[in-house]
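Since the structure comes first, as structure tokens, the remarks are kept for the end.
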Amino acid sequence: MELSLQYNGQSVMYYKLKPPYSFRGWKRLPYAIRAEYGKEMFGQPYFFGKEQFMDLLRCNGTEDVDISAFSGRTQLDIKEMLKKGILEASESPMGALELWQIYRVYPARFMKGVHWAITGMCNMRCRHCLVSAPDHHQTQLSLNDLIHVADEIARCGIKVIDVTGGEPLMRKDFAEFCRILSERDLHIRVLFTNASLLNEEVLDMLRENGQMPNFQLSFDGLGHHDWLRGVPGSEVQADAAFRLLHKHEIPAMAAMMLHRENKDCLRDTVNYLSSMGVRNLGLNAPQNLGAWKQYSAKYALTQDEVWEVYREYIPHYFEDGMPIDIDLDGYFSCKKGSTDYKVNYVHHADPDSDWTDIPYCESMRYHIHIRPDGRVAPCMGFSDSVLGDCFPSVLDEHLGDITLGGYYYDVVETKLSDVLARNPECRDCEHWPECTAGCMVECMSDDGDYLIPDTRICHFHKHIGEVAVRDVADRAIEQYII
């Protein structure tokens with residue numbers, strides 16, 4: 001039955017925002033409704049224009065509302081939120097909102113979450129480490145400084161944190177760190193770990209301190225994991241961790257770095273991870289940053305070699321029944337059990353777009369990376385780059401202020417028009433609307449020029465292309481699925 005905005009023929013009603021939702025806002029995006037807890041918390045807030053939002057603020061449970069006086073857009077919004085259970089309606093007053101639901105504007109730009117490296121220390125010697133953790137270039141903050149950073153994150157209205165390192169479980173005060181987050185209503189969405197220290201006691205400790213994250217474990221191929229991690233026995237430890245998480249039905253993901261030594265084990269690795277209950281596998285070739293600079297000449301694959309690995313594997317993925325969510329860099333991604341795949345290297349931008357309005361990296365605008373020393377970088381790739389020490393520290397400035405101006409802000413607000421100004425040949429390239437320059441840090445120069453186009457993406461569009469990927473995938477779907 002279609003939901004009506006009227007009860008007993010009356011348009012004057014009481015409407016109320018239901019928990020877990022609240023009225024929220026941020027600098028430059030001041031009008032929003034957001035979930036404060038539960039699985040909805042990890043979703044995107046609902047943003048509104050000022051007029052709509054002022055009307056919605058009357059949905060407080062105590063004020064009678066004549067819905068017919070609202071704009072058509074607002075009426076549709078209310079109808080949709082009633083369907084989704086965000087609002088409730090009654091012919092009688094329902095009582096006031098909870099204090100935490102009342103409208104609040106945070107002194108920062110809107111951020112979906114924080115990627116926080118809480119230590120630069122690691123017990124492995126990964127040959128591709130972005131932050132050069134094996135050499136301890138970055139150590140870690142004191143517990144008191146962690147408290148300060150957590151306060152700054154909460155002050156910005158951020159609720160979701162991805163925790164990484166180094167190896168985060170190496171911190172002796174990790175349990176206290178989790179408690180500090182929970183006390184500030186900050187939630188670990190993903191814990192990135194090399195799995196060497198993950199055990200029953202760690203899972204118990206997380207539960208006791210109000211955290212139950214998903215886990216992303218490094219796993220670099222059956223029979224090859226130890227080589228990239230630089231420590232014998234790493235693969236055995238990873239296997240034990242996957243089994244532990246599977247036993248407790250805790251969501252696990254895996255990340256695999258593709259290189260010359262492990263390129264032939266992809267199919268076996270995917271099927272093994274599927275048998276361990278792993279939900280997602282993301283593959284990438286290591287970026288020529290950090291520790292990998294020492295090894296790339298000998299072990300890095302060319303772009304044509306990377307494509308050959310994926311070209312050979314994609315048919316096996318469908319033959320094996322799409323056993324896992326998978327992302328083969330930007331070449332191919334697909335959900336478990338589905339044939340609805342994507343080629344993420346292709347953007348399909350409008351050739352007539354106003355490139356001054358389009359950010360170079362959309363992800364950096366809504367996610368922030370905090371280094372082990374407290375410096376705030378646009379992403380982890382910038383962390384150990386030549387520009388890493390140019391970024392401000394959250395120990396010296398409010399995090400909200402950092403997001404609103406200064407060097408960090410200038411980098412994050414880089415537009416595609418800046419890339420075109422630096423590289424006029426891109427403007428004349430037929431592939432530009434599909435390419436849009438790729439990753440900002442992939443081809444950064446030694447003097448910190450991050451406007452150099454990503455040569456991986458250029459090569460893909462000029463020498464491989466979407467048609468080649470779709471031809472392989474579509475033939476496999478026709479052969480094995482249809």
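The values are calculated or read from the model by the stated rules, or taken from the named source; none is laboratory data. Because the structure is predicted, anything quoted here is derived from the model rather than measured. Note: ideal-geometry Cβ built from the backbone for every residue, glycine included; neighbour counts use all protein chains shown. Accessible surface areas use protein heavy atoms only, side chains included; no ligands, DNA or RNA. Shrake-Rupley method; radii C 1.70, N 1.55, O 1.52, S 1.80 Å.
Some points to look at:
- Residues satisfying the stated conditions in the range 415-443, i.e. farther than 21 Å from His348 by Cβ and either surrounded by 20 or more Cβ atoms within 10 Å (Cβ to Cβ) or in contact with a Gly (Cβ under 6 Å, 6 or more places away or on another chain) (or both): Val441, Cys443
- Among the residues examined, Pro351 qualifies as open to solvent by 20 Å² or more (accessible area, probe 1.4 Å) and either in contact (Cβ under 8 Å) with a residue 24 or more places away in the chain or not small (Gly, Ala, Ser) (or both).
- Where Tyr341 falls short, out of the listed (1) surrounded by fewer than 16 Cβ atoms within 10 Å (Cβ to Cβ); (2) touching a residue at least 60 places away in the same chain (Cβ under 8 Å): (1)
- Filtering Asp320, Asp268, Asp264, Asp304 for residues that are out of contact with any Leu (no Cβ under 8 Å at 6 or more places or on another chain), at pLDDT 95 or above and over 21 Å from Arg470 (Cα atoms) leaves a single hit, Asp264.
- Conditions (1) within 20 Å of Thr455 (Cβ to Cβ); (2) at pLDDT below 90; (3) in contact with a strand residue (DSSP E or B) (Cβ under 7 Å, 6 or more places away or on another chain); (4) surrounded by fewer than 19 Cβ atoms within 10 Å (Cβ to Cβ); number of the one not met by Thr356: (1)
- Residues that are under 24 Å from the mean Cα position of the chain (by Cα) and surrounded by fewer than 18 Cβ atoms within 10 Å (Cβ to Cβ), drawn from the range 452-466: Ile452, Thr455
- Some residue of the range 355-364 being in contact (Cβ under 8 Å) with a residue 12 or more places away in the chain, under 30 Å from Thr139 (Cβ atoms) and assigned to a helix (DSSP H, G or I): yes
- Condition met for Asn214 (polar (S, T, N, Q), in contact with a Lys or Arg (Cβ under 7 Å, 6 or more places away or on another chain) and open to solvent by less than 60 Å² (accessible area, probe 1.4 Å)): yes
- Residue check for Arg109: surrounded by fewer than 19 Cβ atoms within 10 Å (Cβ to Cβ) and not β-branched (Val, Ile, Thr): no
- Scanning the range 151-173 for residues that are hydrophobic (A, V, I, L, M, F, W, C) and in contact (Cβ under 8 Å) with a residue 40 or more places away in the chain yields Ile153, Cys156, Ile158, Val160, Ile161, Val163, Met170.
- Taking the range 240-257 as the range and being buried (at least 17 other Cβ atoms within 10 Å of the Cβ) and modelled with pLDDT of 95 or more as the test, the residues that pass are Ala241, Phe242, Leu244, Leu245, Ala252, Met253, Ala254, Met256.
- Failed criterion for Tyr272 (all others in (1) farther than 30 Å from Ser385 by Cα; (2) hydroxyl-bearing (Ser, Thr, Tyr); (3) touching a residue at least 60 places away in the same chain (Cβ under 8 Å) hold): (3)
- A Cβ distance below 8 Å, combined with a sequence gap of six or more or placement on separate chains, defines the contacts here; from the range 299-323, residues that are in a helix (DSSP H, G or I) reach residues that are at pLDDT 95 or above and among the polar types (S, T, N, Q) in the pairs Pro315/Gln479; Phe318/Thr339; Phe318/Gln479; Glu319/Gln479.
- Enumeration of residues in the range 217-239 that are open to solvent by less than 10 Å² (accessible area, probe 1.4 Å) and under 22 Å from the mean Cα position of the chain (by Cα): Leu217, Phe219, Asp220
- Lone qualifier among Gly337, Gly321, Gly381 - being closer than 30 Å to Gly448 by Cβ and not basic (Lys, Arg): Gly381
- For Met212, the criteria (1) under 21 Å from His367 (Cβ atoms); (2) modelled with pLDDT under 95 hold in every case but one, which is (1).
- Yes/no for Gly448 being over 21 Å from the mean Cα position of the chain (by Cα) and at positive phi: yes
- Screening Leu99, Leu29 for residues that are closer than 30 Å to Asn214 by Cβ and modelled with pLDDT of 95 or more leaves exactly one candidate, Leu29.
- For the range 380-390, the tally of residues that are open to solvent by 20 Å² or more (accessible area, probe 1.4 Å), of a type outside the set (D, E, K, R) and either part of a helix (DSSP H, G or I) or modelled with pLDDT of 95 or more (or both) stands at 2.
- Close pairs from the range 230-243: first small (Gly, Ala, Ser), partner open to solvent by less than 40 Å² (accessible area, probe 1.4 Å) and assigned to a helix (DSSP H, G or I), Cβ under 8 Å, at least 6 apart: Gly230/Pro134; Ser234/His225; Ala238/His225
- Scanning the range 363-416 for residues that are over 25 Å from Trp292 (Cα atoms) and of a type in the set (Phe, Trp, Tyr) gives Tyr366, Tyr407, Tyr408, Tyr409.
- Conditions (1) within 19 Å of the chain's Cα centre (by Cα); (2) part of a loop (DSSP other than H, G, I, E, B); number of the one not met by Ser338: (1)
- Restricting the search to strands (runs of 3 or more DSSP E) fully inside the range 31-132 and requiring at least 1 residues that are in contact with a Ser or Thr (Cβ under 7 Å, 6 or more places away or on another chain) and in contact (Cβ under 8 Å) with a residue 12 or more places away in the chain gives 60-66, 113-117.
- Hey, Leu283 aliphatic (A, V, I, L, M) and surrounded by 18 or more Cβ atoms within 10 Å (Cβ to Cβ) or not: yes
- Applying a threshold of 6 Å to beta carbon distances and a minimum spacing of six or more residues, or different chains, the list of pairs starting in the range 459-482 at a residue that is farther than 11 Å from Pro315 by Cα and ending at one that is part of a helix (DSSP H, G or I) and open to solvent by less than 50 Å² (accessible area, probe 1.4 Å) reads His459/Gln303; His461/Cys435; Ile464/Trp307.
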